[in-house]
1. To the nearest 10 degrees, how steep is helix 22-45 against the longest Cα principal axis of the chain, on a 0 to 90 scale?
2. Taking Cα atoms, how many degrees apart are the long axis of helix 224-235 and the longest axis of the chain, rounded to 10 and kept between 0 and 90?
3. Could you work out the relative contact order of the chain? I mean the mean sequence separation of Cα pairs under 8 Å and 6+ apart, divided by the number of residues, in percent.
4. Of the beta bridges DSSP finds with both residues in the chain, what % are antiparallel, to the nearest 5?
5. Starting from the Cα of F92, step 7 Å toward the Cβ, then list every residue of the range 59-73 with an amide N under 17 Å from that point.
6. What figure, in Å² to the nearest 10, do you get for the accessible area of R22 with a 1.4 Å probe and non-protein molecules left out?
7. Using alpha carbons only, what's the Rg to Rh ratio of the range 13-81 with Rh from Kirkwood?
8. Grab the alpha carbons of the range 203-270, take their convex hull, and tell me the volume per residue in Å³.
Amino acid sequence: YVAAVYEHESILSPTPAVLVERRSALELMGRNLDVYEQQVLAAARQGAQIIVFPEDGIHGFNFTRSSIYPYLDFVPHSHSGKWNPCREPYLFNDTEVVQRLSCMALKNKIFLVANLGTKQPCERSDPRCPSDGRYQFNTNVALAADGTLLATYRKHNLYFEYAFDTPPEPDYAFFDTPFAGKFGMFTCFDILFFEPAVNLVRQYNLKQIVYPTAWMNQLPLLSAVEFQQAFATAFNVNILAANIHHPTLGMTGSGIYTPVKSFIYHNMESYGGKLIVAEIPVITTGYKTNLETTPGRVSEKGKEQSPPSFYAEMMYDNFTFVPVWGEKGELQVCANTLCCYLNYQKAVLTDELYALGVFDGLHTVHGTYYVQACALVKCGGLSFSTCGQEVTDARALIDFQLWGNMSTPYIFPLLLTSGITLDFADHMGWKNNHYFLSKNRTSSGLLTAALYGRWYEKD
């Protein structure tokens, strides 16, 4: 099927904390919706059957709970499949935004997924009802090609979004399409947690995901395109990921991902939005990736003279590293119960410093979650203290096999190359209770090769 995602440089309110009238809120959102309208038309002309827009793309961000209120639409949560906002605008008040989205879908005969702010009045008798008498949700809507509202999803894992409430229970949102079956739906930070993202994919055996996000890139392990691809690979799904484009805020990175191929956009230099349109295969249940194939060699080797280990901060976590010196070698580094092993041969020798790092613990900055990671990274400079820094360019080509005795089945394989481009492993999967990832010759200089494990039970 043909899919489209749009990385949108949203027109932002210069003063998001200031209270405005609904009319001026609609005026600002209208300017973003004008851009959406052009992009839906462009995508439909290229044969797209579905288009996805980013999180916060219509209203922007940095609001307070009260200042976002005029920007919120009323969208009934359980009304899916029975209401067509374009054809029945009179059913509810304050639905101007969802009406416009519905009409775009209808006019261009395309499935459309967008993110907006929504409100829902609540009763004083509801113990969770906020003191202002309403819930405010960060919401995705999915609209059918005839404009019908198919599904809504209210973001569960909020990322410092004080204007919004967490829904009482996680939403498991999905909708049906005639061209690719069921699509699941979640938002941004959700991708790092079991609820609802992982549970949704597993419980409903979903093979296609739509994913609006407003992601701030954090190298070396959590750049947007890197983790979006890792999720597609780990769960054997297609992901349509639309990010916001604001390079000054570190926000870029969208794509259409299959388990074996990616169509991505990552651009920190220039401004303006970007439409990606790609034709991808529908994944049916029987489809297998290289996750289960050719096992690698996991040797229980004798103790060799390992280089000195050292500590450095990476992703705000205290990693234990060993330097990757010389042309080739075998290394191991351990922390807590996790040991990481690396066999490597540098195909192109450079003066760059690489290191193999391990972290097994609770990550506590910008969210709390338990990580088990084995990571081969390029350091920022030649001293140990630069390992873990954000690096975007590399020249060394390395053949490697990386493995670890991970305690969780949820491993996200990361493979990032120079210029924030992606590569795919030759082989990966489980063997003898170790997860491994191997690659002969990356397409360009290696930035990061990592096994990013999420041990959800220990969050």
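The values are calculated or read from the model by the stated rules, or taken from the named source; none is laboratory data. Keep in mind it's a predicted model, so treat the numbers as computed, not measured. A quick note on method: Cβ atoms are made from the backbone with ideal geometry, for glycine too, and the neighbour counts reach across all protein chains shown. Surface areas here come from the heavy atoms of the whole protein model, side chains and all, with no ligands, DNA or RNA. Shrake-Rupley method; radii C 1.70, N 1.55, O 1.52, S 1.80 Å.
1. The answer is roughly 60 degrees.
2. 80 degrees
3. Numbers: 1177 pairs, mean separation 57.9, N = 459.
Answer for the chain is 13 percent.
4. For the chain, the DSSP antiparallel bridge percentage is about 85.
5. Answer for this model: 69-73.
6. Roughly 50 Å² of R22 is accessible to a 1.4 Å probe.
7. On the way: Rg = 14.5 Å, Rh = 13.8 Å.
The Rg/Rh ratio comes out at 1.05.
8. Details: hull volume 5.7 nm³, N = 68.
Considering the Cα atoms of the range 203-270, their hull volume per residue is 84 Å³.
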